[in-house]
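Accompanying notes for the structure given below.
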Amino acid sequence: MAPPPPSTSSAITLNINGEKHHLPVDHRTTLLDALRERLDLTGTKKGCDQGQCGACTVLVDRRRVVSCLSLAVAAEGREITTIEGVAEGDELHPVQQAFLDLDGYQCGYCTPGQICSAIAVIEEHAAGWPSAVTGDPAPDAGPPPLTPEEIRERMSGNLCRCGAYVSIVRAVARAAGEHTAAGSAAGEDAAEGRAAGKRAAEEDVA
């Protein structure tokens, strides 16, 4: 007797925006279709469905992914963030606020993917990841300046058919500046805390 054919579906658990979702999926189901068609998370948009336009960009373990080319089964056990999970309650993410304030959109269809990609771009830059237009920095020189040229290159996988690129670059630049300022303040607070702890320890010894 011939063995039964292998199953073409599985029950998986997806961790999306801090919530776990249990669902059976065909092994060929993309993460994009699982989000939109199965879980009603329609903020992530289907554009080209070929990984070319970036409209479907989401964050997986804090790194940007085009969800139309990612299988849902491959995302099990990973932390997925869609545009619906970017804000903190009623407080917009700094990137969202910058896009809103600086008109980084027109029709809005590509905006969720643009915002998710921009969030990752800012973190990648802060971590020192180079782009195709980055020079040859010294190993300990820190991140290169996030110039408009750098932003355009790093965001080049996200297309805007309305042509709002000038405002998008401005929005990413402003959000990146706020991210850098927040990181500097946190570093100063940590340094002050370490210094206070050292002084307290010295006083105890004395």
*asked:* Using amide H atoms built in the peptide plane, which far-off residues or other-chain residues are under 5 Å from residue 55 H to H?
replied: 47, 48, 159
*asked:* At 1.4 Å probe size, what's the solvent-accessible area of residue 40? Round to the nearest 10 Å².
replied: 120
_the chain: relative contact order in percent, alpha carbon pairs under 8 Å with at least 6 residues between_ = 19
*Apportionment of accessible area to carbon and sulfur, the range 70-162, percent (1.4 Å)*: 52
_How large a share of the accessible area of the range 7-57, in percent, is made up of carbon and sulfur atoms when the probe is 1.4 Å and the other protein chains stay in place?_
41
*P(r) tail for the range 56-116, what percent of Cα pairs lie past 20 Å?*
30
_Average Cα contact separation per residue, the range 48-168, under 8 Å, 6 or more apart, as relative contact order %_ = 31
*Give me the number: length gained by fully extending residue 40 to residue 17, i.e. 0.36 nm times residue separation minus the C-alpha to C-alpha distance, one decimal in nm.*
7.0 nm
*Between residue 62 and residue 141, what FRET efficiency comes out of the Förster formula 1/(1 + (r/R0)^6) with R0 = 35 Å and r the beta carbon distance, rounded to 0.05?*
0.90
*Based on the alpha-carbon gyration tensor of the range 24-146, what equivalent-ellipsoid semi-axes (square roots of 5 times the eigenvalues) come out, in whole Å, largest first?*
27, 19, 14
*Report the normalised scattering of the range 15-82 as log10 I(q)/I(0) at q = 0.17, 0.22, 0.29 Å⁻¹, calculated by the Debye formula with identical scatterers on the alpha carbons.*
-0.50, -0.88, -1.59
_Pick from 141, 118, 127 the residue whose mean-square fluctuation is largest in a GNM of the chain, springs joining Cα atoms under 10 Å._
141
*Treat every Asp and Glu Cβ in the chain as -1 and every Lys and Arg Cβ as +1, leave all other atoms uncharged, and give the resulting dipole magnitude about the Cα centre to the nearest 20 debye.*
840
*What is the calculated FRET efficiency for residue 88 to residue 7, with r their C-beta to C-beta distance and R₀ = 41 Å, to the nearest 0.05?*
0.55
*Accessible area in square angstrom per residue, the chain, 1.4 angstrom probe*: 58
*If you take the charge dipole of the chain about its Cα centre, with +1 on Lys and Arg Cβ and -1 on Asp and Glu Cβ, which of 179, 163, 102 is farthest toward its positive end?*
163
*Name the helices (complete DSSP H segments) of the chain with a Cα length along the long axis of 20 Å or more and a Kyte-Doolittle mean of at least 0.5, or state none.*
111-126
*What do you reckon, how do 165, 105 stack up by accessible area (1.4 Å probe), largest on top?*
165, 105
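The values are calculated or read from the model by the stated rules, or taken from the named source; none is laboratory data. This one's a predicted model, so the numbers in the text were calculated from it and none came from an experiment. All Cβ positions, even for glycine, are placed from backbone atoms using ideal geometry, and neighbour counts span all protein chains on display. Accessible surface areas use protein heavy atoms only, side chains included; no ligands, DNA or RNA. Shrake-Rupley method; radii C 1.70, N 1.55, O 1.52, S 1.80 Å.
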